């Protein structure tokens, strides 16, 4: 009888671990990407600037191999130059791929190679040349960023 209880308990534990990996890990990875976007969104805007849109996504977004990327971004409209905006955000940078700034000249976000249904287009009309993308490639939330997420393939 003890063997049956041990087998059933082991099966239940393995099934629970499988569920966590299949269901919880993608949700937590999305949350990790959203946290990156929220951090940028919560950073004070440069003078004469306004927040226009926000984006976040978790998955294998560029390159090849089995890996998760965590992308958070905001689009701002500003009267400042790219250099002035970059200088503003450089004070908040935590690493090489954090709070990067680029001119947003088209409706398409250029850094995302695989979007898995992600709306990677800016809704605003960026033709006046005053739009900028501020983005971060983050690390996600441990340990979920290291567990199996089918989007990492």
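Would you be able to say whether some residue in segment 103-118 is modelled with pLDDT of 90 or more and farther than 17 Å from residue 53 by Cα? Taking every residue of segment 103-118 in turn, none turns out to be modelled with pLDDT of 90 or more and farther than 17 Å from residue 53 by Cα. The condition of being outside any helix (DSSP H, G or I) and at pLDDT 85 or above holds for only one of 55, 15, that being 55.
Here residue 10 meets each of (1) closer than 29 Å to residue 151 by Cα; (2) surrounded by 15 or more Cβ atoms within 10 Å (Cβ to Cβ) with one exception, condition (2).
In segment 1-16, the residues that are free of Cβ contacts under 8 Å to residues at least 40 places away in the same chain never reach a residue that is exposed (fewer than 10 other Cβ atoms within 10 Å of the Cβ) with C-beta atoms less than 8 angstrom apart, at least six apart or across chains.
Screening residue 72 with (1) in contact (Cβ under 8 Å) with a residue 40 or more places away in the chain; (2) out of contact with any helix residue (DSSP H, G or I) (no Cβ under 8 Å at 6 or more places or on another chain); (3) within 30 Å of residue 87 (Cα to Cα) gives one miss only, at (2). If you check 35, 87, 3, 41 for being in a helix (DSSP H, G or I), farther than 12 Å from residue 133 by Cα and modelled with pLDDT of 95 or more, only one passes: 87. Take segment 124-153 and flag every residue that is in a loop (DSSP other than H, G, I, E, B) and modelled with pLDDT under 80. Those that are in a loop (DSSP other than H, G, I, E, B) and modelled with pLDDT under 80: 139, 140, 141, 142, 143, 147, 148, 149, 153.
The values are calculated or read from the model by the stated rules, or taken from the named source; none is laboratory data. Computed from a predicted model, the values in this text were never measured in an experiment. Here Cβ is always computed from backbone atoms with ideal geometry, including for glycine, and neighbour counts include all displayed protein chains.
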